[in-house]
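Read through the structure below, which is laid out as structure tokens, and then see the notes.
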Amino acid sequence: MITLTPKTLSPFSFLCNPIPKHQNQNSKYTIVTQYSDSNSKPTFNSNCESEFQTERGLKFDIGETFFRHESATGRDLGVLAAALYKRSKGKLRVLDALCGCGIRSLRYIIEAEADFVLANDANDDNREVITENLSQVESSSGDDPRWAVTLSDANRIMTECYLKRNFFDLIDIDSFGSDSSFLRSAINALKLDGLLYVTSTDGFSSGGRRPQQTLAAYGAYVRPMPYSNELGLRMLIGGAVRVASVLGYRVTPLFSYYSYHGPIFRVMLRVNRGKLPDNRNYGFISYCHNCGSSQEYSWAELGRMSCPCSDSKVQGCVSLLKLALIHVVVSKSLIVSGPLWTGPLHDTIYITEMLHLAEEWGWAGSGSGTDLDKLLNQMVAESDPRLPFGYTKLDEVASRAKVNSPPLRAVMSTLEKEGYAASRSHIESNAIKTNCSMAGCIRIAKQLQQCSSAE
């Protein structure tokens with residue numbers, strides 16, 4: 001038996017010579033075990049190397065399943081969170097509800113050292129590739145199974161686990177589109193204080209182009225806003241908040257991750273008993289096309305939404321007419337999305353622990369400059385409690401200021417010197433998160449342009 005760790009770079013050459021397996025049809029799950037057969041012959045041709053992929057040193061077959069190399073970072077984050085849970089609780093049972101080829105399940109077993117992983121996929125054609133990949137690890141440890149494979153609808157398997165009180169510490173749902181139908185059954189099948197890793201790949205909805213779709217899927221009417229990709233994360237969290245609240249639970253995000261390929265919106269949630277007090281962090285967000293400002297509104301403030309750019313104090317009949325015209329313009333320029341999550345996207349302490357673990361495993365730190373290292377450090381910076389929702393695109397600032405787009409570092413340096421909070425956004429490369437208003441950012445952009453011209 002080969003001993004594997006997150007840092008192991010084993011070629012797994014034996015995968016080109018798959019070992020036959022047998023199935024225990026009477027088991028609670030379809031458990032596949034491994035046995036030796038000296039007469040077994042390779043089932044792949046001489047080009048078998050092209051049949052396999054490698055991720056973090058683990059070699060696996062993708063078969064006919066849908067697989068993206070670009071999603072490796074999301075899998076890295078899931079494994080780090082799972083490993084922290086195992087270290088904290090001492091136990092880790094994982095349900096990979098839509099496992100595809102099984103690489104996530106394999107990584108949870110080997111890297112996060114999960115005690116048990118249930119790999120489920122609705123496509124019966126994926127049985128062979130899943131079991132072949134997982135067979136790199138012994139299927140049992142003594143009398144306790146290490147992994148099992150089921151081929152069923154995700155909602156069905158999670159509901160069956162709930163009815164049998166077979167709860168999991170972490171449930172990973174790597175779904176497609178804006179399918180939120182898994183949320184209720186997943187929360188029911190999760191242990192208290194467990195982790196729920198949810199997904200959306202619907203960039204059209206987060207961009208405000210399908211408001212009826214987001215209303216149906218997540219209970220939020222989403223309009224087009226400059227920080228639409230962050231809205232995608234917030235509507236996903238908000239949808240989970242809404243479903244959990246109905247069931248008597250509350251969810252809090254530990255980290256939120258966006259990647260442009262797909263696009264992919266992934267959020268790790270912690271689930272506990274209780275509800276959010278007074279709908280805190282679950283409300284509405286507005287954006288004014290006229291001045292570029294954004295605001296947060298609670299449910300109690302519905303019907304009283306306005307933008308500061310319309311608060312001009314004028315007198316006289318003519319001025320009142322001007323005021324009325326201003327309000328007409330603002331009413332057309334002010335757009336509102338919600339309800340959705342308006343609180344922090346990351347938990348600072350948790351992200352910091354993930355970063356330390358990644359450094360311990362050699363995935364980050366020591367001047368590695370890896371994408372994961374940069375991402376986790378950006379998430380730590382983004383979790384500053386002074387930072388509001390959304391981000392400010394420097395191209396929008398430049399357009400409103402009628403100047404060239406200012407250097408990002410120069411803008412951040414100036415903001416920090418003036419006492420504002422500022423960080424880069426992992427979602428948008430040429431954008432910053434700051435508690436400085438759009439008007440303040442425009443002023444700084446003009447100052448930087450003047451300084452540049454003077455030189």
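The values are calculated or read from the model by the stated rules, or taken from the named source; none is laboratory data. Values in this document were obtained by computation on a predicted structure and should not be read as measured data. All Cβ positions, glycine included, derive from the backbone under ideal geometry; neighbour counts span all protein chains shown. In case anyone asks, the SASA skips ligands and DNA or RNA and just uses the protein heavy atoms, side chains included. Shrake-Rupley method; radii C 1.70, N 1.55, O 1.52, S 1.80 Å.
Values as computed for the structure displayed
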{"item": "Gain in span if fully extended, Glu416 to Asp125, counting 0.36 nm per residue against the direct Cα distance", "result": "99.2 nm"}
{"item": "4 °C / 1.567 mPa s Stokes-Einstein diffusion coefficient of the range 98-214, Kirkwood radius on C-alpha pairs, µm²/s", "result": "85"}
{"item": "Potential extension, Lys446-Asp143 segment - 0.36 nm per residue separation minus Cα distance", "result": "102.1 nm"}
{"item": "Amide H within-cut-off set for Phe168, under 5 Å, with H built and near neighbours excluded", "result": "Leu190, Lys191"}
{"item": "Cα→Cβ-extended label distance, 7 Å offset, between Arg156 and Arg409, nm", "result": "5.7"}
{"item": "Amide H partners (placed H, <5 Å) of Trp147, local residues excluded", "result": "Val117"}
{"item": "Length-normalised contact order of the range 116-212 in % [C-alpha pairs under 8 Å, at least 6 apart]", "result": "25"}
{"item": "At R0 = 25 Å, FRET efficiency that the Cβ-Cβ distance of Gln213 and Arg165 yields, to 0.05", "result": "0.10"}
{"item": "The range 162-212: relative contact order in percent, alpha carbon pairs under 8 Å with at least 6 residues between", "result": "43"}
{"item": "Under-5 Å amide H pairs with Phe255, H placed in peptide plane, nonlocal only", "result": "Met268, Asp347"}
{"item": "Mean-position separation - Cα centroids, the range 153-216 and the range 399-455, in angstrom", "result": "38"}
{"item": "Average accessible surface area per residue within the range 48-102, 1.4 Å rolling probe, Å²", "result": "39"}
{"item": "Efficiency of FRET between Glu296 and Arg386 - r from beta-carbon atoms, R0 22 angstrom, step 0.05", "result": "0.95"}
